[in-house]
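A quick write-up on the structure given underneath.
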Number of protein chains: 4
Amino acid sequence: VPLTSAKPRCMSDCQNHDSSVQRTHFNLFCRTMASKTPVGFIGLGNMGTPMAKNLLKNGYPVIATDAFPESCKELQDSGAQILDSPAEVAEKADRIITMLPSSPNVIEVYTGSNGILKKIKKGTLLIDSSTIDPAVSKEMAVAAEKMGAVFMDAPVSGGVGAASLAKLTFLVGGVEEEFNAAQELLTCMGANVVYCGQVGSGQAAKICNIMLLAIGMIGTAETMNLGIRLGLDPKLLAKILNMSSGRCWSSDSYNPVPSVMEGVPSANNYQGGFSTTLMAKDLGLAQNTATNTRTPVLLGSLAHQVYRTMCARGYANKDFSSIFQFLREEEGQ
Amino acid sequence: VPLTSAKPRCMSDCQNHDSSVQRTHFNLFCRTMASKTPVGFIGLGNMGTPMAKNLLKNGYPVIATDAFPESCKELQDSGAQILDSPAEVAEKADRIITMLPSSPNVIEVYTGSNGILKKIKKGTLLIDSSTIDPAVSKEMAVAAEKMGAVFMDAPVSGGVGAASLAKLTFLVGGVEEEFNAAQELLTCMGANVVYCGQVGSGQAAKICNIMLLAIGMIGTAETMNLGIRLGLDPKLLAKILNMSSGRCWSSDSYNPVPSVMEGVPSANNYQGGFSTTLMAKDLGLAQNTATNTRTPVLLGSLAHQVYRTMCARGYANKDFSSIFQFLREEEGQ
Amino acid sequence: VPLTSAKPRCMSDCQNHDSSVQRTHFNLFCRTMASKTPVGFIGLGNMGTPMAKNLLKNGYPVIATDAFPESCKELQDSGAQILDSPAEVAEKADRIITMLPSSPNVIEVYTGSNGILKKIKKGTLLIDSSTIDPAVSKEMAVAAEKMGAVFMDAPVSGGVGAASLAKLTFLVGGVEEEFNAAQELLTCMGANVVYCGQVGSGQAAKICNIMLLAIGMIGTAETMNLGIRLGLDPKLLAKILNMSSGRCWSSDSYNPVPSVMEGVPSANNYQGGFSTTLMAKDLGLAQNTATNTRTPVLLGSLAHQVYRTMCARGYANKDFSSIFQFLREEEGQ
Amino acid sequence: VPLTSAKPRCMSDCQNHDSSVQRTHFNLFCRTMASKTPVGFIGLGNMGTPMAKNLLKNGYPVIATDAFPESCKELQDSGAQILDSPAEVAEKADRIITMLPSSPNVIEVYTGSNGILKKIKKGTLLIDSSTIDPAVSKEMAVAAEKMGAVFMDAPVSGGVGAASLAKLTFLVGGVEEEFNAAQELLTCMGANVVYCGQVGSGQAAKICNIMLLAIGMIGTAETMNLGIRLGLDPKLLAKILNMSSGRCWSSDSYNPVPSVMEGVPSANNYQGGFSTTLMAKDLGLAQNTATNTRTPVLLGSLAHQVYRTMCARGYANKDFSSIFQFLREEEGQ
């Protein structure tokens, strides 16, 4: 049974942990020596590469691959071993992290003809950090279980910056007994690792958060725009909202109005941050999930459509807080 | 000029304030003696009555009136003098607070045949705490200025409970020189008094906050419902949202899902709190203001329509967080 | 009573109508002779000018005015007498038509210091063809009745082209007994004159039609765009919709997709037709009316916001069918 | 190549068609004799059963199956042969029609372990009349082509009544050369058979129509409700809309207001017709398709959410025109 496989995996790094004194010795040992068993990493994009680097920094040998060979160069230079396919990675590593753009990529990497499951070892721990449909996560978990492996979903909150600084939040779904084993790796790459429940729960939590974020952001942009047109000073309005019941993360930590806050995309012409096109993609996922569970999401749907419309009107690559700019009167009008 | 009229009014309470030592003496004097000049109060509803009582508690003689004589009884028993019309109140008080249900009531009380402006004294300070269209506030200010008086809008945030406990927040718009004079009275009835800018700015800030609140609440209800259907524990989901970018006042301070928080309407079958019908009314105001200023409010409009639909389906008198219940599958489905 | 004043007015044109034979004689007489009494016309904009010209063509002497003297030139050249103010027009004509941009203009022209009601003759018939809030129409009717005059609302459907060709549709609200008197004039300027009920009903019908039109147009644009992206030929898709339950005026008579139909704005780069900014204005009226009557209009509100957003993004002066273009992917994306 | 297989299939019915004289003889022959080759029919629900009966009435032997054996009884009594699985049907018939509830059913019936493709004969014509995602139709077409068969999608417009009366409209997608062969069968069950383009086009057209229908219906309900609240007579309002630019199928052929029209569900307490839950399901399909093609559908999405909300509030089994009732003020409010 895969559930009991957790210990041997832990053991592989830690031969001796009888007492707390010894544990400290052991931890020191682990940190300094390359005796840790290798970790597989599949998907070396903008997020995957810095994540894998943080595993290397923490002393884990990394065996990696990507559909685009050129994406592997940077990690290879950092000391990772590069292989040709997910199947080859699965032959060599019994802990594998995947970080892929969308559901079809995940299905291909796990169940394709050169996929992980073709050569997976019994007891392998699979952690998928892609943001995908929770239903696909559940399918992958079933397929993994048939091979004697364990699949967990662990999508992230936080962008490229947080990935580089190992400040990501991981939302983890899967068998609770395996959570510690996953946490060991995820803490190398993130500041928070939250257990959300059964397989798919990490995706569910991720999707819920992004939907509410989108609603709050559009709402904040509309509200700030309305207040400004009514003659209010934007900084003062933000301050009033933030001490009142209108307060939300978009108003107090990521205000979309230029000049209200520093260090946010609105202060930098909506460069950087989280792009409108990625927001639209994630909201599409939220919409699909809501449709499949027959859940009414009136504002969630409209938020999706607003971001989709923005993509059609030239805002695809701007930060999603550029909704404020989108709603403003055009110059010359 | 009305602006210079502030001093005489202050003077009426404070004969002597040459030095800070003397000021302390003076303040003690003011608090303990009934020498304060009377304050007019018009509109003795659920909010107005406890507000006026707090003026009495702070030693201000109150001269009050209401369109419904029976509404005056409670305040009369508390020691207020009751007169027959706004005009009569204006004859006797040079500081008047109004707390009325909607724009037409405000227009009538100020400019009607027995209205305040018919008998107002030069230099009178008028403070309107009703929630109305900022355009009406501006009209009233112009009309008051013609009579040598000063009008300020000071709508409140907080309900009947906050009114009783003098914990309201006042959002004040008007001439800045008069703000101190208004603050003196408003601090008797509220915990926060915020200066928002020129006349109408208090209303504008109030409307902005309520619109963003409504969006955040519906968004939170949709999101919590979606998460629950995806198998997440509601308390855990709320915790995750509140540590992430989906966080908002409705998720962390007024969660609409029964059992997630204590002491909120959702924990009490959506009794108490802020009713759906009042929310729909305020959102109507936000919509009018947005229409008049040609401001696109896509989510704000939809939030308005959702609350209006709830009113049509039997939710008028429930707290506005009952949107969660409205979106849930009916029993027996 | 104004209601009985209808006959004298009719009589002024038609001395003798005892039998159908005589009526025919009379009609001929009316058409050929300039013995008709003058008609007042206030508001000589893009719509008002061709409407007034059609009265002239039908043999009615026209006495007109406009807030902008330069607007009067064209009608003066056509033979109308130009006066300085609505009050002066009211002194000379006992039938007056008004065609103004919005509610405040109507209020000013009727009740302002140089307004119609200042010098109105008893028994005058007032017909307002402006598109305004039905509540304002009702106010004007009350004010007119106090002066012994009759006010009817008669907003039009159809644009500048229809106005020139006397093909407008008039939606008439007011006392039924006066309908014939109004119809006599309106048939000179339109092809259809529909009696809708009490005062304000014309406006109500107009607002209802425009709201459903906007919903149908946006829906058609979204649907055509979706079908095209799914690989359907636009002409074929339009044909299928038009023989099915998706059929609407926007799909079968004013299709927003270039190349599907000829002679519509979409075939002419969205020039001409009914501008997005006017649509947004009329939808604002619909929204106000819905808010005042507490009617939920979920799609109606969103349609309003979509057109308002288009105005902010540079589509203000294009025909309202340009929503199709607005939703399309931008070139280079 | 499957494309050339059309003729042999035709031939199987028509041994001789060298001249038009002979063709007439042949047609008579076909109509009167039971020599027609059998047609497979899979999916004997409310729609499938009357459709298959119409094939029997037209002289086609029918070989049928359904996942629920009890659903087969009625058709068996009408003379059809019942088999145990889609695979068995495919062994015996070279023309097969499927009519199933949703995409997963279609995938199972075609590609499952007892599916059609397991035992399909080369040259078989497969016609799927289910309403499903066009992407699934395309997948099935590819899978069928690999087996030397031809797949066409032919979803229907019209309900159970139209199915019984052979008055359905079929929207057909697939290889144009096969259209005649499909039409031969479909005309037995429907009044209109429209060729829409390549495989998936039938589904695309169906989805487009249903989305625009939903938007038109909600828009009509909102508009009629607004007009009624403004004092207009509903029949008169419907008449005005139907002669104006607000006209749509929902206003002129299926008006949602009781008493405006006869013979529609609104005249019968919203019984019969097309249920809200089926509308919500089809709109979910439209939403998925729009999401996958990145098409903004602002009103289409909201219409989906409104019908989804109605399902949550007890309207699942009422006709979709009950949106009018849903928006009305509840009694006792």
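Among residues of the stretch D:50-91 being of a type outside the set (A, V, I, L, M, F, W, C) and closer than 22 Å to D:Gln183 by Cβ, the one that is surrounded by the most Cβ atoms within 10 Å (Cβ to Cβ) is D:Tyr60. Being more than 7 Å from chain A (Cβ to nearest Cβ) and touching a strand residue (DSSP E or B) at 6+ places or on another chain (Cβ under 7 Å) is the filter; apply it to the stretch B:244-270 and report the residue that is surrounded by the most Cβ atoms within 10 Å (Cβ to Cβ). Among those that are more than 7 Å from chain A (Cβ to nearest Cβ) and touching a strand residue (DSSP E or B) at 6+ places or on another chain (Cβ under 7 Å), it is B:Tyr270.
From the list C:Ala221, C:Ala267, pick out the single residue that is more than 25 Å from D:Ala238 (Cα to Cα) and hydrophobic (A, V, I, L, M, F, W, C).
Values: C:Ala221 fails: more than 25 Å from D:Ala238 (Cα to Cα).
Selected residue: C:Ala267, the only one of C:Ala221, C:Ala267 that is more than 25 Å from D:Ala238 (Cα to Cα) and hydrophobic (A, V, I, L, M, F, W, C).
Of all residues in the stretch A:298-318, which are in a loop (DSSP other than H, G, I, E, B) and more than 7 Å from every other protein chain (Cβ to nearest Cβ)? Answer for the stretch A:298-318, where residues must be in a loop (DSSP other than H, G, I, E, B) and more than 7 Å from every other protein chain (Cβ to nearest Cβ): A:Tyr315, A:Asn317, A:Lys318.
Residue by residue through the stretch C:233-243, note down the ones that are in a helix (DSSP H, G or I), open to solvent by 10 Å² or more (accessible area, probe 1.4 Å) and facing another protein chain (nearest Cβ under 8 Å). Of everything in the stretch C:233-243, just one residue is in a helix (DSSP H, G or I), open to solvent by 10 Å² or more (accessible area, probe 1.4 Å) and facing another protein chain (nearest Cβ under 8 Å), namely C:Leu236. The set of residues from the stretch A:92-108 being open to solvent by 20 Å² or more (accessible area, probe 1.4 Å) and in contact (Cβ under 8 Å) with a residue 12 or more places away in the chain comprises A:Lys92, A:Asp94, A:Met99, A:Leu100, A:Pro101, A:Ser102, A:Ser103, A:Asn105, A:Ile107.
Within the stretch B:240-284, the set of residues being within 14 Å of B:Asn317 (Cα to Cα) and of a type in the set (A, V, I, L, M) comprises B:Leu278, B:Met279, B:Ala280.
Among the listed residues A:Gly202, A:Gly161, A:Gly246, A:Gly216, identify the single one that is at pLDDT below 95 and outside any strand (DSSP E or B). That would be A:Gly161, the only listed residue that is at pLDDT below 95 and outside any strand (DSSP E or B). Of a type outside the set (D, E, K, R), modelled with pLDDT of 95 or more, in a helix (DSSP H, G or I) and farther than 25 Å from B:Thr293 by Cβ: is that true of A:Thr223 in this structure? No, not satisfied.
Go through the stretch D:181-198 residue by residue and tally those that are of a type in the set (Gly, Ala, Ser), assigned to a strand (DSSP E or B) and open to solvent by less than 50 Å² (accessible area, probe 1.4 Å). Give the derivation first.
Residues of the stretch D:181-198 that are of a type in the set (Gly, Ala, Ser), as a first pass: D:181-182, D:190-191, D:197.
Within this subset, residues satisfying the condition of being assigned to a strand (DSSP E or B) are D:190-191, D:197.
Filter again for open to solvent by less than 50 Å² (accessible area, probe 1.4 Å), leaving D:190, D:197.
Residues flagged as of a type in the set (Gly, Ala, Ser), assigned to a strand (DSSP E or B) and open to solvent by less than 50 Å² (accessible area, probe 1.4 Å) within the stretch D:181-198 amount to 2.
Scanning the stretch C:273-332 for residues that are surrounded by fewer than 20 Cβ atoms within 10 Å (Cβ to Cβ), of a type in the set (Val, Ile, Thr) and under 19 Å from the mean Cα position of the chain (by Cα) returns a single hit, C:Thr277. Can you run down the residue pairs with Cβ atoms below 7 Å, 6 or more apart or on separate chains, where the first is in the stretch A:285-296 and at the interface with another protein chain (Cβ under 7 Å from one of its Cβ atoms) and the partner is outside any helix (DSSP H, G or I) and open to solvent by 10 Å² or more (accessible area, probe 1.4 Å)? Qualifying pairs under 7 Å: A:Asn288/A:Asp133; A:Thr289/A:Asp133; A:Thr289/B:Leu230; A:Thr293/B:Leu230. Taken residue by residue, the stretch D:193-209 has no member that is assigned by TED's automatic domain parsing to the domain that holds D:Ser102, in contact with a Leu (Cβ under 6 Å, 6 or more places away or on another chain), closer than 16 Å to D:Phe41 by Cα and not polar (S, T, N, Q). With respect to D:Leu125, determine if the residue is aliphatic (A, V, I, L, M) and either within 14 Å of chain C (Cβ to nearest Cβ) or open to solvent by less than 10 Å² (accessible area, probe 1.4 Å) (or both). When the stated conditions are applied, D:Leu125 passes them.
Quick one: would you say D:Ser322 is assigned by TED's automatic domain parsing to the domain that holds D:Asn209, within 23 Å of A:Thr295 (Cβ to Cβ) and of a type in the set (Ser, Thr, Tyr)? The answer is yes for D:Ser322.
Looking only at the stretch A:201-216, which residues are open to solvent by less than 20 Å² (accessible area, probe 1.4 Å) and more than 7 Å from chain B (Cβ to nearest Cβ)? Walk me through it before giving the result.
Initially, the stretch A:201-216 is screened for residues open to solvent by less than 20 Å² (accessible area, probe 1.4 Å), giving A:201-205, A:207-216.
Across the stretch A:201-216, the qualifying residues are A:Gly202, A:Gln203, A:Ile207, A:Ile210, A:Ala214.
For D:Glu178, state whether it is charged (D, E, K, R), open to solvent by less than 20 Å² (accessible area, probe 1.4 Å) and either in a helix (DSSP H, G or I) or facing another protein chain (nearest Cβ under 7 Å) (or both). Here the answer is yes, as D:Glu178 does meet what is asked.
Condition test on C:Ser322, is it of a type in the set (S, T, N, Q), under 17 Å from D:Gly246 (Cα atoms), part of a helix (DSSP H, G or I) and touching a helix residue (DSSP H, G or I) at 6+ places or on another chain (Cβ under 8 Å)? Reasoning before the result, please.
Details: of a type in the set (S, T, N, Q): yes; under 17 Å from D:Gly246 (Cα atoms): no; part of a helix (DSSP H, G or I): yes; touching a helix residue (DSSP H, G or I) at 6+ places or on another chain (Cβ under 8 Å): yes.
The answer is no for C:Ser322.
The sole residue among C:Ser71, C:Ser113, C:Ser78, C:Ser85 that is within 15 Å of C:Cys188 (Cβ to Cβ) and free of Cβ contacts under 8 Å to residues at least 40 places away in the same chain is C:Ser78.
Filtering the stretch B:141-175 to residues that are free of Cβ contacts under 8 Å to residues at least 60 places away in the same chain and open to solvent by 10 Å² or more (accessible area, probe 1.4 Å) leaves B:Ala141, B:Val142, B:Ala143, B:Lys146, B:Met147, B:Ser157, B:Gly158, B:Gly161, B:Ala162, B:Leu165, B:Lys167, B:Thr169. Using the structure shown, decide if D:Leu44 is closer than 30 Å to D:Ala286 by Cα, in the same structural domain as D:Ala149 (by TED's automatic domain parsing) and surrounded by 17 or more Cβ atoms within 10 Å (Cβ to Cβ). For D:Leu44, the condition - closer than 30 Å to D:Ala286 by Cα, in the same structural domain as D:Ala149 (by TED's automatic domain parsing) and surrounded by 17 or more Cβ atoms within 10 Å (Cβ to Cβ) - is met. Listed by first and then second residue, the pairs linking a residue in the stretch D:303-316 that is without any contact (Cβ under 8 Å) to a residue 40 or more places away in the chain to a residue that is open to solvent by 20 Å² or more (accessible area, probe 1.4 Å) and in a helix (DSSP H, G or I), with Cβ atoms under 6 Å apart and 6 or more places separating them unless they lie on different chains, are D:Cys311/D:Thr277. Of all the residues in the stretch B:217-232, those that are facing chain A (nearest Cβ under 7 Å), open to solvent by less than 10 Å² (accessible area, probe 1.4 Å) and of a type in the set (Gly, Ala, Ser) number 2. Within this structure, C:Asp233 fails the test of being touching a strand residue (DSSP E or B) at 6+ places or on another chain (Cβ under 8 Å), of a type in the set (Asp, Glu) and touching a residue at least 24 places away in the same chain (Cβ under 8 Å).
The values are calculated or read from the model by the stated rules, or taken from the named source; none is laboratory data. None of these values were measured; they are calculated from a predicted model. Cβ atoms come from the backbone with ideal geometry, glycine included; neighbour counts cover every protein chain shown. Protein only, heavy atoms only, side chains kept; ligands, DNA and RNA dropped before computing areas. Shrake-Rupley method; radii C 1.70, N 1.55, O 1.52, S 1.80 Å.
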